[in-house]
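*Asks:* Submitted below is the structure of interest, expressed as structure tokens.
The values are calculated or read from the model by the stated rules, or taken from the named source; none is laboratory data. Computed from a predicted structure; not experimentally measured. Virtual Cβ from ideal backbone geometry, glycine too; neighbours counted across all protein chains shown.
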Amino acid sequence: MLRLNCETVYKLRNISRPFYFLRNNGFTYSVAQKITNKNSEYLKMRDIHKLCKVLYCTPNDILEFVPNGEPEGHPLYDLVKKETKIEYDKTIRTLPVEELRELEDFLTELKKKAEGRRGL
């Protein structure tokens, strides 16, 4: 079974109040509630597209596969989510300044690579 699970992306993007984030990004009350309450069996494709735009992600990042009799090794297993264990904002706050500079350099290079893949 496929279901919507944005929790990992919220955590990675440091979105602590997803409902308000969604409302502030143009989602109606009912759609924002469906998404945040994981009661989204019927979401319109345009809402999924909009969700991916505001979270800057792909559908694979927010769709989660819950095995329901599918054979082991089925391609849907690629959508089984791994829990994000690190709290990035807290970790960054505790890093020494020199390590923050190294992180900044690493992120700059990573961003350049991503832009190159996207042709920007």
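*Asks:* Select, from Lys81, Lys111, the only residue that is closer than 29 Å to Gly26 by Cα and assigned to a helix (DSSP H, G or I).
*Replies:* The match here is Lys111.
*Asks:* Give me the pairs, please: first residue somewhere in the range 58-81 and closer than 15 Å to Leu4 by Cα, second residue anywhere and acidic (Asp, Glu) and loosely packed, with under 12 Cβ neighbours inside 10 Å, beta-carbon distance under 8 Å, and either six or more positions apart or on two chains.
*Replies:* Correct list of pairs: Asn60/Asp78; Phe65/Asp78.
*Asks:* Looking at (1) touching a Ser or Thr at 6+ places or on another chain (Cβ under 8 Å); (2) surrounded by fewer than 16 Cβ atoms within 10 Å (Cβ to Cβ); (3) of a type in the set (Asp, Glu), can you tell me which one Asp78 breaks?
*Replies:* Result: Asp78 passes all but (1).
*Asks:* I'd like the full set of residues that are modelled with pLDDT of 90 or more and of a type in the set (Phe, Trp, Tyr), limited to the range 47-72.
*Replies:* Tyr56
*Asks:* Any residue that is touching a residue at least 60 places away in the same chain (Cβ under 8 Å) and outside the structural domain of Leu107 (by TED's automatic domain parsing) - is there at least one of those in the range 13-24?
*Replies:* Yes, there is a match, as at least one residue in the range 13-24 is touching a residue at least 60 places away in the same chain (Cβ under 8 Å) and outside the structural domain of Leu107 (by TED's automatic domain parsing).
*Asks:* State all residues of the range 48-76 that are touching a helix residue (DSSP H, G or I) at 6+ places or on another chain (Cβ under 7 Å) and in a helix (DSSP H, G or I); if no residue qualifies, say none.
*Replies:* Ile48, Leu51, Cys52, Leu55, Pro59, Asn60, Asp61, Ile62
*Asks:* Being among the basic types (Lys, Arg), exposed (fewer than 12 other Cβ atoms within 10 Å of the Cβ), under 25 Å from Ser16 (Cα atoms) and modelled with pLDDT of 85 or more: is that true of Lys111 here?
*Replies:* When the stated conditions are applied, Lys111 passes them.
*Asks:* If you take the residues of the range 9-30 that are more than 21 Å from Tyr42 (Cβ to Cβ) and at pLDDT below 95, which of them is surrounded by the most Cβ atoms within 10 Å (Cβ to Cβ)?
*Replies:* Applying the filter and picking the extreme gives Tyr10.
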